[in-house]
1. Is it the case that some residue within the stretch 125-141 is within 14 Å of the ligand (Cβ to nearest atom) and either aliphatic (A, V, I, L, M) or out of contact with any Phe, Trp or Tyr (no Cβ under 7 Å at 6 or more places or on another chain) (or both)?
2. Among the candidates Ala89, Ala27, Ala81, single out the residue that is in contact with a helix residue (DSSP H, G or I) (Cβ under 8 Å, 6 or more places away or on another chain) and among the hydrophobic types (A, V, I, L, M, F, W, C).
3. List the residue pairs whose Cβ atoms are under 6 Å apart, where the first residue sits in the stretch 100-111 and is closer than 19 Å to Ile85 by Cβ, the second is aromatic (Phe, Trp, Tyr) and more than 7 Å from the ligand (Cβ to nearest atom), and the two are 6 or more positions apart or on different chains.
4. With the condition being more than 29 Å from Arg157 (Cβ to Cβ), I'd like the helices (runs of 4 or more DSSP H) fully within the stretch 1-109 carrying at least 1 qualifying residues.
5. Let me confirm something: among Pro35, Pro46, which residue is away from the ligand (no atom under 16 Å from the Cβ), surrounded by 14 or more Cβ atoms within 10 Å (Cβ to Cβ), on the phi < 0 side of the Ramachandran plot and of a type outside the set (A, V, I, L, M, F, W, C)?
6. All but one of (1) within 16 Å of the ligand (Cβ to nearest atom); (2) closer than 30 Å to Pro160 by Cα hold for Pro56; which doesn't?
7. Give me a count of the residues in the stretch 140-170 that are open to solvent by 100 Å² or more (accessible area, probe 1.4 Å), under 26 Å from Leu113 (Cα atoms) and either touching a helix residue (DSSP H, G or I) at 6+ places or on another chain (Cβ under 8 Å) or in contact (Cβ under 8 Å) with a residue 40 or more places away in the chain (or both).
8. Just checking, how many residues over the stretch 137-160 are among the charged types (D, E, K, R) and under 20 Å from His86 (Cβ atoms)?
Amino acid sequence: MDHKPANYKPVHRPTVDELLLRNKNYAATAHRPWPDMWQLLEWTAPSTIVIACADPRCDPQQFMEGRKGEIATIRNLGGQAEISIHDVATLDSEFQFKELVVVHHTDCGVTYLTKDGVYAYLRENLPDATTAALEAFPIRIFSSMEEGVRHDLEVVRNSPYLRKELKDSVRGFVFDIKTGLLNPVV
Ligand SMILES: [Zn+2]
């Protein structure tokens, strides 16, 4: 990405070994044992499942003020329904969700990428990959978040893997990273 300001300084990027040290500290100072699943489900079970972008600024548990176990979330690059729908269907076999939500967000990192750039990167770094494998690599990039959400709403509505009631419940939003609000997409 070449949109960084001139005075940009990279932040410290911890290695796995550093993160393992932090984990020891976390376990010793902050962690409390979680209840087992059967106990958790006695207290709460999610009726809503959210597909959202994996961007750290786009965390449904945070902006929907979810307590542990209240909201099921599936996150991936851009919050793409195609990639998430199998996870949604699998979890639905346990929870029978009542509502499904798709959330993309402003300033999504995906909007800084191009298909040509990703393909060029793959070709350069994967010399052994066949043309067929590269052509089968799924890349979906939108310049408009609303357009991306509308596409994902259609993906959900046309999915052969989801119950009609869940498909009918789907709603789409763009999370505004500045205001914190979820703006509906229709
Ligand atoms: Zn994003």
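The values are calculated or read from the model by the stated rules, or taken from the named source; none is laboratory data. Just so it is clear, the model here is predicted, and its values are computed rather than measured. Ideal geometry is used to build each Cβ from the backbone, glycine not excepted, and the neighbour counts take in all protein chains shown. Accessible surface areas use protein heavy atoms only, side chains included; no ligands, DNA or RNA. Shrake-Rupley method; radii C 1.70, N 1.55, O 1.52, S 1.80 Å.
1. Checked the stretch 125-141: at least one residue is within 14 Å of the ligand (Cβ to nearest atom) and either aliphatic (A, V, I, L, M) or out of contact with any Phe, Trp or Tyr (no Cβ under 7 Å at 6 or more places or on another chain) (or both).
2. Within the list Ala89, Ala27, Ala81, the selection yields Ala81.
3. Val103/Phe173; Val103/Phe175
4. Filter on the stretch 1-109 gives 16-29, 37-43.
5. Working: Pro35 fails: surrounded by 14 or more Cβ atoms within 10 Å (Cβ to Cβ).
Of Pro35, Pro46, the one residue that is away from the ligand (no atom under 16 Å from the Cβ), surrounded by 14 or more Cβ atoms within 10 Å (Cβ to Cβ), on the phi < 0 side of the Ramachandran plot and of a type outside the set (A, V, I, L, M, F, W, C) is Pro46.
6. If we test Pro56 against (1) within 16 Å of the ligand (Cβ to nearest atom); (2) closer than 30 Å to Pro160 by Cα, just (2) comes out false.
7. 1
8. Of the residues in the stretch 137-160, the ones among the charged types (D, E, K, R) are 140, 146-147, 150, 152, 154, 157.
Those left that are additionally under 20 Å from His86 (Cβ atoms): 140, 152, 154, 157.
Of the residues in the stretch 137-160, 4 are among the charged types (D, E, K, R) and under 20 Å from His86 (Cβ atoms).
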